[in-house]
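A.B. asks: Take this structure first; my questions come after.
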Amino acid sequence: MTDPNDRSLSRAARQAMPVALDVAVEIAKHNGVCIRPVVLRRLDVHTGLTEDVNVPCGATMEAKCPPCAKRNRYLRMAQCREGWHLEDEPAITPDEPTEEQRWLVEFRADMQAQRDTAEQAGDDTTDLDAVLTGLDEEINAAGMRGNLLGRTTGKRNRSTRRRQDAPDLPKRARQNTTLGRTFTSSDGKAYRPSLFVTLTLPSYGRVRAGHGVPVDPDTYDYPRAARDALHFSKLVDRFVQNLRRVAGYDVQYFSSVEPQKRLAPHLHMAVRGTMPRAEIKAIAAATYHQVWWPAVDEVKFDGDHLPVWTPRTDLPDGQTHADGQDGDYLDPATGELLPTWREALDRLDADDEAEPLHVLRFGPQVDVQGILAGTPDADQCIRYLSKYLTKSLGDTLDTDNPAQRAHAARMTEALRYEPCSPACPNWLRYGVQPKGAKAGMAPGRCRGKAHKPEHLGYAGRRVLVSRKWSNKTLAEHKRDRRTWVMEALGLADEIPDPHRYIWKPAPAGDDTIPSLALRLLRMVAERQRWRATLITLQAKATGQPTQDLSAMREAA
Ligand SMILES: [Zn+2]
Ligand SMILES: [Zn+2]
């Protein structure tokens, strides 16, 4: 039989061999190989040679294929384990950009160029936008602070009445440490206790046990559920701020946002150090977040009566207005311009009677568990923390259950006209221009992740890790695993010269790039060769416990 992976075959011969994509995908999945690899063209400046490299989708985006998501889950578990019961203060020093960061930044520039070209050609940019957002997140996660475009969150001065002060909670003097207390037993053994906390949103109406489907869909508070999901990560931020104030030290955490059956996000959090259970519950009860956005209680534009875009013409060529818009939306009936986002917020600030659009609080269900380093309980919590990492909120849906499907559909409908961000086109419905308004916006047609059935309002990161959790970023954990395998094999893991390669996305439609099916099979073959080498070397070595072997397989 002819082997489709045989590189000696001519391209024509290879293409003549039909490789069913679905078969290749199954084989790839079975072998833990990425099923949506991105082809990148790598120029080696030392040799001048160009090579196409299949980069796993998990390396660049948060939206990952199942095999990448699984590998990512193992990495997250390693990260969680490493930081939880840290014995020494982590040394956080701003490093030189690593090779990975440089690569991400360069890759981002290329993708931005592709996106701009697509936009100019009038093509759909949804996918490329998603890639860019994912890249920004990865770049930040790789240790670079801030956003590449230098966007800062312009802090507005609120009247003191609106400051979201620390609620009435005890406050301890702040000690300059991220480590929790240790306790020494009479035999001199040191214990490092920590916490595992679960926080849940309030009830929106009774739900059936097991399914999470509302008993009475008509009275279930979908609008509130939708807003709580949209702003959930802000509430988590507030909780951490309050936690640190009360604890009196720089509390570190590793948390994951997970879907409940009723399709509301909830939070599991590993906290380094310990505090009284009652205090954690008091902090959760006192924590709230106010959303100071313009009101959405009055629908001003709907159906055929929608705001109309008018280009601004009063500026010389090449100049843009201070708010970056090159036009405005106006009311077609009156010809009046709608307030811009900035104007709407200014009005809100000036109005002493104004109420926040939404106030979030946690529900009464707060679970606090004490954990000791290195115990089976700790391991179980780590597995629990990463249990749903491969799934989106909507993915937990039992699609065979019509009641659950209907519940999810009502939730999606509640999110349809809910503004997901300052830039959401839904603001037009309520008579406000979205931040950075552009032509072609219409309420109900926002492409933001939060509105999609698979996200159901929560479009934030699934894993929220504080900066001083461990000494390492996820990228460094990734490198650790590789180094460990290489050392176990007695091979030196050379640190490559960061200036050696120049990466570019392979041009779309380049017919020298093999089909996806063929690329997947090649990646599987490489993975199998790598594994075979590991197993051979493992067999030669003596006294290695088998779990090392499986860990090595996983790392490979
Ligand atoms: Zn992948
Ligand atoms: Zn939106």
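A.B. asks: Find the accessible area per residue for region 223-329; the probe is 1.4 Å, ligands and nucleic acids are left out, and the unit is Å². Each step should come with its number before you reach the end.
C.D. replies: Working: 4400 Å² over 107 residues.
Result: 41 Å² per residue.
A.B. asks: Restricting the calculation to Cα positions, tell me the Rg (one decimal) and the Dmax (whole number) of region 322-406 in Å.
C.D. replies: When restricted to the Cα atoms of region 322-406, Rg and Dmax are 24.3, 69 Å.
A.B. asks: At a 10 angstrom cut-off on C-beta neighbours, averaged per residue, how do the peptides 433-440, 333-340 rank from highest to lowest?
C.D. replies: Going by the mean number of other Cβ atoms within 10 Å, highest first, we get 433-440, 333-340.
A.B. asks: Return the long-range amide H neighbours of residue 328 (sequence gap of 5 or more, or a different chain), with a cut-off of under 5 Å between placed amide H atoms.
C.D. replies: Here 310, 312 satisfy the definition.
A.B. asks: Suppose each label sits 7 Å from its Cα in the direction of the beta carbon; what would the residue 172-residue 515 distance come out to in nanometres?
C.D. replies: Spacing of the two 7 Å Cα→Cβ label points: 6.4 nm.
A.B. asks: Around residue 226, what is the net charge, scoring Lys/Arg as +1 and Asp/Glu as -1 over all other residues with Cβ under 11 Å from its Cβ?
C.D. replies: With Lys, Arg at +1 and Asp, Glu at -1, the neighbours total 0.
A.B. asks: At 0.36 nm per residue, minus the direct Cα-Cα distance, what do residue 182 and residue 209 gain on full extension? Give it in nm, one decimal, please.
C.D. replies: 5.7 nm
A.B. asks: Follow-up. Name the residue farthest towards the positive end of the dipole of region 238-299 from the options 259, 239, 276, assuming +1 on Cβ of Lys and Arg, -1 on Cβ of Asp and Glu, about the Cα centre.
C.D. replies: Farthest towards the positive pole: 276.
A.B. asks: Could you sort the peptides 24-31, 365-372, 351-358 by per-residue average Cβ neighbour count (10 Å cutoff), highest mean leading?
C.D. replies: Top of the packing list down: 24-31, 365-372, 351-358.
A.B. asks: Could I ask something else about it? Taking the alpha carbon gyration tensor of region 193-349, what are the square roots of 5 times its eigenvalues, largest first, to the nearest whole Å?
C.D. replies: Sorted largest first and rounded, they come to 42, 24, 13 Å.
A.B. asks: I've got another one for you. Express the carbon and sulfur contribution to the solvent-accessible surface of region 200-350 as a percent, rounded to the nearest whole number, probe 1.4 angstrom. Present the calculation step by step, with values, prior to reporting the outcome.
C.D. replies: Working: 3310 of 6940 Å².
Here it works out to 48 percent.
A.B. asks: Could you calculate the FRET efficiency of residue 298 with residue 234 from 1/(1 + (r/R0)^6), where r is the beta carbon distance between them and R0 is 35 Å, rounded to 0.05?
C.D. replies: That pair, residue 298 with residue 234, gives E of 0.90.
A.B. asks: Here's another thing I want to ask about it. Between residue 281 and residue 532, 0.36 nm times their residue separation minus their Cα-Cα distance comes to what?
C.D. replies: Numbers: separation 251, 0.36 × 251 = 90.36 nm, distance 5.16 nm.
Gain on stretching residue 281 to residue 532: 85.2 nm.
A.B. asks: Given the pairs 70/468; 70/387; 29/261; 261/387; 261/281, which are separated by over 18 angstrom at their Cα positions?
C.D. replies: On the way: 70/468 25 Å; 70/387 10 Å; 29/261 27 Å; 261/387 14 Å; 261/281 23 Å.
In this structure, 70/468; 29/261; 261/281 lie more than 18 Å apart at Cα.
A.B. asks: From the phi angles alone, apply the Karplus equation (6.51, -1.76, 1.60; θ = phi - 60°) to region 295-303 and give each ³J(HN,Hα) in whole Hz, x where the residue is Gly or Pro.
C.D. replies: Working through the residues one at a time gives 5, 10, 7, 10, 7, 9, 9, 7, x Hz.
A.B. asks: Using a Förster distance of 60 Å, how high is the FRET efficiency between residue 377 and residue 439, based on the Cβ-Cβ distance and rounded to 0.05?
C.D. replies: So the FRET efficiency works out to roughly 0.60.
A.B. asks: So, one more: Provide the solvent-accessible area of residue 215, counting protein heavy atoms only and rolling a 1.4 Å probe, rounded to the nearest 10 Å².
C.D. replies: Accessible surface of residue 215 is approximately 60 Å².
A.B. asks: Turning to a different aspect of this structure: Work through the residues other than residue 183 whose Cβ is under 14 Å from its Cβ and net out their charges, Lys, Arg +1 and Asp, Glu -1.
C.D. replies: Numbers: positive: 181, 189, 192; negative: 87, 187.
Overall, the nearby charge balance is +1.
The values are calculated or read from the model by the stated rules, or taken from the named source; none is laboratory data. Just so we're clear, the structure is a prediction, and the values are computed from it rather than from any experiment. Ideal geometry is used to build each Cβ from the backbone, glycine not excepted, and the neighbour counts take in all protein chains shown. Just so you know, the surface numbers come from the protein's heavy atoms only, side chains and all, with ligands and any DNA or RNA stripped out. Shrake-Rupley method; radii C 1.70, N 1.55, O 1.52, S 1.80 Å.
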